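The structure under discussion appears below in the form of structure tokens.
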């Protein structure tokens, strides 16, 4: 298990952001091409409408299954293929990842629905840049800072501690957010500010699907980011 370096949380975050910059740029570039093609290429539009139809008919199941597969199963399979990233307890790791990301899929799906309720567009109305900007700002400030980043960081830390609640409580003492979550924020914003701008520019029924495609890469990045925020010994 990797240990926390002597760098400050922001320094660790900058390092992690630098490490994910190239793969993030590639995946985000591909996501942007897909979003553009949805509006300009009939074949892509029709294919994505099939996904949107499945999501409309099975909203909660789609959220849970698609998120657990893209952020849980696929990254786990890639980690198993790479010795340096292989988990110590692979089957427990898989179970944790599938359950965690299924739950996060539900949370995120409902959050996207809330943003549509708050900012629009209303049914039949046009999607505007102002709506996209409002959703991105709310997501990256409120949701990321208070829900996404801390819950994901703590979940990964708990897994790295062998699912030991006693050890986890020892790490969540004074300054835990700065020490554990802050290194996660910079790479998080690096990926998800442009990422949210891309998928919020699509219809509501396609947002989670595209977010999950980006999230598949992000789940792998979280493994690496965790090495910058993992304490070497419990804190009193």
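For the range 75-86, residues that are without any contact (Cβ under 8 Å) to a residue 40 or more places away in the chain and surrounded by 14 or more Cβ atoms within 10 Å (Cβ to Cβ) total 2. Whether a residue is over 25 Å from residue 99 (Cα atoms) and either in a helix (DSSP H, G or I) or modelled with pLDDT of 90 or more (or both) was assessed, and residue 50 passes this test. Residues that are within 12 Å of the chain's Cα centre (by Cα) and within 14 Å of residue 216 (Cβ to Cβ) within the range 98-117 comprise 101, 104, 105, 108, listed in sequence order.
Note on the range 118-127: residues that are loosely packed, with under 13 Cβ neighbours inside 10 Å and closer than 16 Å to residue 137 by Cβ total 1.
Answer yes or no as to whether residue 95 is surrounded by fewer than 17 Cβ atoms within 10 Å (Cβ to Cβ), under 19 Å from the mean Cα position of the chain (by Cα) and under 22 Å from residue 143 (Cα atoms). Break it down into steps so the answer makes sense when it comes.
Values: surrounded by fewer than 17 Cβ atoms within 10 Å (Cβ to Cβ): yes; under 19 Å from the mean Cα position of the chain (by Cα): yes; under 22 Å from residue 143 (Cα atoms): no.
Spelling it out, it is not the case that residue 95 is surrounded by fewer than 17 Cβ atoms within 10 Å (Cβ to Cβ), under 19 Å from the mean Cα position of the chain (by Cα) and under 22 Å from residue 143 (Cα atoms).
Is one or more of the residues making up the range 62-74 free of Cβ contacts under 8 Å to residues at least 24 places away in the same chain, in contact with a helix residue (DSSP H, G or I) (Cβ under 6 Å, 6 or more places away or on another chain) and either part of a helix (DSSP H, G or I) or farther than 20 Å from residue 196 by Cα (or both)? Checked the range 62-74: no residue is free of Cβ contacts under 8 Å to residues at least 24 places away in the same chain, in contact with a helix residue (DSSP H, G or I) (Cβ under 6 Å, 6 or more places away or on another chain) and either part of a helix (DSSP H, G or I) or farther than 20 Å from residue 196 by Cα (or both).
The values are calculated or read from the model by the stated rules, or taken from the named source; none is laboratory data. What you see is a predicted model; the values in this text were computed from it and never measured. Glycine also receives a Cβ, built like all others from the backbone with ideal geometry; neighbour counts cover every protein chain displayed.
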